[in-house]
Amino acid sequence: MIADIATEILYTITEEWKAQGHDLTGDFIKSLRFEITDGDTIKVYGNHYGAILDAGVTPEQIKYPFAKKRIAGLTDYAKLRLGASDKDAVSIAFAIATKHAREGMPLPSSNRFSKTGKRTEFIKDAETKFKPIIEKIIKESWQ
């Protein structure tokens, strides 16, 4: 039963992640896993950027908007999400980094990629959805 609950938690987190439009490469979803400890404690793990996207980032938290690794990631994003050429993707990456430094992330305009209208709090939204399902699984196991 506990493994069924853990599986439902991962499934619901995955669905919320996708609904908010974050699933561009599938890497976060592939990173999700759970561990059951002490017989009934479920720990969920995934790539660190899931927590960052869940909470959002204020402009003050963006210390190095033009760091090489950040620009490389945004360049890849521009190619994948926007279909930009190599040359255009670098320009787009710098433009996005500049805007993040001013406005934080997610940017309001990124809502267009979301089916829910939200780009943060996917974990809280998933929890709202999986709590009743977990309660049902537990009740059914008692019968």
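The values are calculated or read from the model by the stated rules, or taken from the named source; none is laboratory data. Owing to the predicted nature of the structure, the values given are computational and were not obtained by experimental measurement. Note that we place each Cβ from the backbone using ideal geometry, even for glycine, and neighbour counts take in every protein chain shown.
Structural remarks
- Only residues that are of a type in the set (Ser, Thr, Tyr), more than 13 Å from the chain's Cα centre (by Cα) and assigned to a loop (DSSP other than H, G, I, E, B) were counted in region 107-143, giving 1.
- Candidate set: region 1-52, residues that are closer than 17 Å to Ala126 by Cα and acidic (Asp, Glu); chosen: the one surrounded by the most Cβ atoms within 10 Å (Cβ to Cβ): Glu16
- Matching entry among Thr75, Thr120, Thr128 (being surrounded by 13 or more Cβ atoms within 10 Å (Cβ to Cβ), of a type outside the set (Lys, Arg), in the same structural domain as Thr25 (by TED's automatic domain parsing) and on the phi < 0 side of the Ramachandran plot): Thr120
- If the condition is being outside any strand (DSSP E or B) and either among the charged types (D, E, K, R) or outside the structural domain of Ile5 (by TED's automatic domain parsing) (or both), then region 20-33 contributes Asp23, Asp27, Lys30.
- Region 86-98 residues that are touching a residue at least 24 places away in the same chain (Cβ under 8 Å), paired with ones that are among the basic types (Lys, Arg) (beta carbon under 9 Å, 6 or more apart): Ala97/Arg70
- The residues of region 34-85 that are among the hydroxyl-bearing types (Ser, Thr, Tyr), within 13 Å of His100 (Cβ to Cβ) and outside any helix (DSSP H, G or I), listed by number, are Thr58, Tyr64.
- Among residues of region 100-131 being within 26 Å of Val44 (Cα to Cα) and among the basic types (Lys, Arg), the one that is modelled with the lowest pLDDT is Lys131.
- Selected residue [surrounded by fewer than 15 Cβ atoms within 10 Å (Cβ to Cβ), out of contact with any strand residue (DSSP E or B) (no Cβ under 8 Å at 6 or more places or on another chain), modelled with pLDDT of 95 or more and among the hydrophobic types (A, V, I, L, M, F, W, C)] from Ala84, Ala93, Ala97, Ala55: Ala55
- Residues of region 1-30 classified as among the acidic types (Asp, Glu), touching a residue at least 12 places away in the same chain (Cβ under 8 Å) and closer than 24 Å to Ser114 by Cα, total: 4
- A search for C-beta distances below 9 Å between a residue of region 31-44 that is under 15 Å from Thr12 (Cβ atoms) and any residue that is outside any helix (DSSP H, G or I) and among the charged types (D, E, K, R), counting only pairs 6+ apart in sequence or on different chains, returns Phe34/Lys43; Ile42/Glu35; Val44/Arg33; Val44/Glu35.
- Number of the exception - Ala93 against (1) within 22 Å of Thr128 (Cα to Cα); (2) of a type outside the set (Lys, Arg); (3) part of a helix (DSSP H, G or I): (1)
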